[in-house]
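K.L.:
The structure follows.
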């Protein structure tokens, strides 16, 4: 019997209990990896059934707030202590605050909202990368996948100003970090999804969602499994020549020049 591709490797997926993160965690565990899904404590309590899903590898759920530098550092050390390494990091956790289901207009964005979104969406991924790279370097192999967004490529029209800015920043983090860690055997890429069928998308009116589907050439929203399949490829040995890139996956709603 052939071993699964990810057998023996350990992955951390932030925001891993629901939506896109849940799909990624399940796919990597099905690929044979030991996956540790991080999420907020209340989300873990509500969606922590991940550990009960049959997979080829294994799944663990831990309460880690990526808005906290201390919790990130402690979370990585716990994974290393329990599983020996961190080979894969998927920076998926993000927030997009709304006011009564709608984004706050850019000129009305409060400094508190700005700082909260930047802390979770951009500082958190930076700190997580910083924490795992020494462990990947020791093994001479690593995969970092940062979750961006179409909002970071063409501008945020539904999400708020800080969300769009941080997703653009994720692409910059990816491009800047990638050449520095490539000699260590570590690749860094970002993925920019379009509209995906998740709880976040469900928070928008049916009318808006119908308009977005009509503007998508493939005629549907993406599914978390669509994104998970791409993450799965980026985490393989075969993807070792691909680094520093942002990959658009949006059903043709945005096509980079």
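K.L.:
If Rh is defined by the Kirkwood formula over all Cα pairs and Rg also comes from Cα, what ratio Rg/Rh do you get for the stretch 10-249?
P.N.:
Using Cα coordinates only, the ratio equals 0.95.
K.L.:
For the chain, find the longest principal axis of its Cα atoms and tell me its angle to the long axis of helix 124-139, 0 to 90°, nearest 10.
P.N.:
Here the helix axis deviates by roughly 20 degrees.
K.L.:
Moving on to the next point. Highest mean first, how do 211-223, 35-47 rank when packing is the count of other Cβ atoms within 10 Å averaged over residues?
P.N.:
Packing proxy ranking, top to bottom: 35-47, 211-223.
K.L.:
Could you give the length gained on full extension between residue 53 and residue 184, defined as 0.36 nm per residue of separation minus the Cα-Cα distance, in nm?
P.N.:
43.8 nm
K.L.:
Given only helices, namely DSSP H runs of n ≥ 4 each adding -39500 (n - 2.57), what is the per-residue ellipticity at 222 nm of the chain, to the nearest 500 deg cm²/dmol?
P.N.:
Rounded to the nearest 500, the figure is -12500 deg cm²/dmol.
K.L.:
So what is Rg over Rh here for the stretch 1-134, counting just Cα atoms and using Kirkwood for Rh?
P.N.:
1.03
K.L.:
Give the separation of the Cα centroids, the stretch 111-138 to the stretch 34-100, in Å.
P.N.:
Cα centres, the stretch 111-138 to the stretch 34-100: 14 Å.
K.L.:
At each listed q (0.10, 0.14 Å⁻¹), what is the log10 of I(q)/I(0) that the Debye formula gives for the stretch 156-248 modelled as equal alpha-carbon point scatterers?
P.N.:
Cα-only, vacuum Debye calculation for the stretch 156-248: -0.34, -0.64.
K.L.:
By how many degrees, between 0 and 90 and to the nearest 10, does the Cα long axis of helix 224-234 differ from the longest principal axis of the chain?
P.N.:
Long axis of 224-234 versus the principal axis of the chain: about 40 degrees.
Just so you know, all these numbers are worked out from the coordinates, no wet-lab data involved. These numbers were taken from a predicted model, which means no experiment stands behind them. Note that each Cβ is placed from the backbone with ideal geometry, even for glycine, and that neighbours are counted across all protein chains shown.
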